[in-house]
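Worksheet for the structure shown next.
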Amino acid sequence: MTIKPLGKRILAKKIEPENRTSTGGIVLPDNVKSEKGVRAKVLAIGTDEKIEVKVGDEVIVGTFAGTEIEQDKDKLILVKESDVLAIVEN
């Protein structure tokens, strides 16, 4: 199945955070891990010519932004360009 976003939408693959533990060794639950936003790698961009991100960029999107899609055990997210908070540059 191929997913092609339309307009100013972006399809990205979620980058799962590593398991985190507190200083005392307590494993933190998933809802604590994702409070600050979600990192994702852009897989496809919509048909609008003025989108600032490009395929392959790593971005940060709002925690509750977009629609989650599962495809072949991958967690994908379909978001509007306005839901992208930042582009991560290495």
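The values are calculated or read from the model by the stated rules, or taken from the named source; none is laboratory data. Note that this is a predicted model, so its numbers are computed, not measured. Glycine also receives a Cβ, built like all others from the backbone with ideal geometry; neighbour counts cover every protein chain displayed.
Of note:
- If the condition is being exposed (fewer than 11 other Cβ atoms within 10 Å of the Cβ) and modelled with pLDDT of 90 or more, then the range 69-81 contributes no residue at all.
- Some residue of the range 32-41 being in a strand (DSSP E or B), modelled with pLDDT under 90, farther than 23 Å from MET1 by Cα and under 11 Å from the mean Cα position of the chain (by Cα): yes
- Scanning the range 43-90 for residues that are closer than 14 Å to LEU11 by Cβ, β-branched (Val, Ile, Thr) and assigned to a strand (DSSP E or B) returns ILE45, VAL59, VAL61, THR67, ILE69, ILE77, VAL79, VAL84.
- Candidate set: the range 8-19, residues that are in a loop (DSSP other than H, G, I, E, B) and at pLDDT below 90; chosen: the one nearest to SER82 (Cα to Cα): ILE15
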